[in-house]
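Note sheet for the following structure.
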Amino acid sequence: MPERDAIVVGAGFTGLAAAVELADAGLDVLLLEARDRAGGKVESEFLPDGTRIDTGGQFFCRDMPQLMALIGEQGRAPVMTFSDGETVFRPPVSARQGYERWSEVDALRDRMIATDPDDPELAQLTVSDWVARQDVPADVARSFLRLVKGLWCRSPDEIAFTYLASNDRRITNTHSEMEMFLPGTMHAVVEELAAKLGDRLKLNAAVTRVDHSAGGVEVSTGGERFAAARLILAVPPVMIRRIAFAPVLPARLRRALAAWEAGCAIKVLVSYEKPFWRGLGLSGTVMWQEPQGLYACDASRGDHAGLVVFIGGPLARQWHGRPREELAGFIRSLLVDALGAEGGAFRDIRIRDWVDDPWSGGAYSDVIVDLEARDAEDILNEGLSPVHFASSELSPSYPGYVEGAIVAGRLAAGRVLRALRPAGA
Ligand SMILES: Cc1cc2nc3c(=O)[nH]c(=O)nc-3n(C[C@H](O)[C@H](O)[C@H](O)COP(=O)(O)OP(=O)(O)OC[C@H]3O[C@@H](n4cnc5c(N)ncnc54)[C@H](O)[C@@H]3O)c2cc1C
């Protein structure tokens, strides 16, 4: 007999949401996490002045119901991201030109979302192939590709078009996804979830091997082995590939896992004495057309003034591993160019390089690069009883976001509950 009802591997939002759901339903569950902390792609750091900042997932909006409810249950009050004032475009364009270009890019995004998912003509295209076939001005095409690099964090020459269209169809917010954030950090939400689990969460427990049969699973973490009736692997697809399975997974599952590559992202948090850009009539948002994959916004709250700069896609890959001082100098020159001399007068700069992260693989999420693997998500969501796969990537809503992770975790927990407690049993 398995010693437990369920094991969940990975204490990101997906694994935490799944484990809490199972524990609340009265199941005996164990959550195993490789790192010495919970949260996965959501993590935080303290600045010397005691301010706590999110170095991973941070922003959300009112269109994300599961996360909003969770934040409400925890009694947390979000702050609105400051957005009054002008956006700075680099290279410079007028506000009107910037708005018009943005509207055209949005229209192209809508065109992508409206494509027929079953159109065989689209199945063999990368995102770049599809954009090249659209009758749009060259600068709109370039801006769209820039957006893809910044949001999905890989080259549009690699990303499968049908995947991107399907993914974007599930990102349904009408308010900006950067609408708000938590002054006490998103990571504090994680910590409260983790505390609910108590000693059912085991840190520093990297799973290296899964033995599975119809009767249950045995999971190895170097020194220890744990058995359970059901297993949820709540880790991103690229990280599942690093786990050994006995017997080996069927070919269709191995193909589905091989279809993904991790995004490349670096998050930079720059602190100032005061949010000087507001006095200049600026929102703090900077959109770079060149270099591609760069975006900045105001993340000030209370008495902390700061900007977040995101570096995504090939540019993040290019900066990965280079000396921090060089990257800090690059950011400084960009912010001086965009916001004036004060942009270079940092009080503090924190650089969190997620490229090739040992336990996340990358950020913000994995993306499908195998053009043949159109059913990869369905195959993974189906799983291989008693093994279930779950991660934000596989969510039916907001894949790649914290909201998606909570949804994916709860869905996986539902599958486990239905398997262990069939209706009418
Ligand atoms: C820089 C950055 C900024 C982001 N910004 C936002 C944002 O503003 N808003 C938003 O909604 N989302 C944002 N995201 C995305 C969001 O954080 C993720 O979509 C979400 O947190 C993913 O959760 P997950 O549980 O699916 O995966 P993960 O968070 O990757 O969790 C997987 C867990 O599994 C563990 N693990 C991996 N392998 C093993 C193993 N073999 N054994 C045991 N444990 C293992 C990992 O350590 C990790 O804890 C951002 C992400 C990053 C990195």
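The values are calculated or read from the model by the stated rules, or taken from the named source; none is laboratory data. Just so it is clear, the model here is predicted, and its values are computed rather than measured. Quick reminder, even Gly has a Cβ in these numbers, built from the backbone with ideal geometry, and neighbours come from all protein chains shown. Remember, those area values only see protein heavy atoms, side chains included, never the ligands or the DNA or RNA. Shrake-Rupley method; radii C 1.70, N 1.55, O 1.52, S 1.80 Å.
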Checklist line | 5 angstrom amide H check on residue 63, placed H, neighbours 5+ away | finding: 175
Next item on the list: Could I get the Rg over Rh figure for the range 285-425? Both from C-alpha atoms, Rh via Kirkwood, rounded to two places.
Entry: 1.12
Item checked: In the range 33-88, trypsin sites (Lys or Arg not before Pro) in a DSSP loop with at most 14 other beta-carbon atoms within 10 Å -> 62
Note to self: Using only Cα atoms and rounding to the nearest 10 degrees, what angle (0 to 90) does helix 186-197 make with the longest principal axis of the chain?
What the structure shows: 10 degrees
Next item on the list: Could you tell me the accessible area of residue 79 in Å² (1.4 Å probe, neighbours in place), rounded to the nearest ten?
Entry: 40 Å²
Check: Summing -39500 (n - 2.57) over the DSSP H runs of n ≥ 4 in the chain and dividing by its residue number, what mean residue ellipticity at 222 nm do you reach, to the nearest 500 deg cm²/dmol?
Finding: -10000 deg cm²/dmol
Notebook entry, point to check: Residues of the range 98-169: accessible area per residue at 1.4 Å, in Å²?
Noted result: 45 Å²
Next item on the list: Mind listing the long-range amide H neighbours of residue 348? Cut-off is under 5 Å, sequence gap 5 or more, other chains count too, H placed in the peptide plane at 1.01 Å from N.
Entry: 271
Note to self: Report the number of Lys pairs in the chain whose alpha-carbons are under 30 Å apart, with separation of 8 or more residues or on distinct chains.
What the structure shows: 8
Item checked: Principal-axis tilt of helix 138-152 within the chain, Cα atoms, nearest 10 degrees -> 40 degrees
Notebook entry, point to check: How much accessible area does residue 118 have with a 1.4 Å probe, in Å² rounded to the nearest 10?
Noted result: 120 Å²
Check: So what's the angle, to the nearest 10 degrees on a 0 to 90 scale, between helix 402-420 and the longest Cα principal axis of the chain?
Finding: 10 degrees
Check: Ignoring any ligand, DNA or RNA, what whole percent of the accessible area of the range 98-169 comes from carbon and sulfur when the probe is 1.4 angstrom?
Finding: 49 percent
Next item on the list: Calculate the dipole size of the chain relative to its Cα centre from +1 charges on Lys and Arg beta carbons and -1 charges on Asp and Glu beta carbons; express the result in debye to the nearest 20.
Entry: 580 debye
Note to self: Normalised radius of gyration for the range 98-169, please: alpha carbon Rg relative to 2.2 N^0.38 Å, two decimal places.
What the structure shows: 1.01
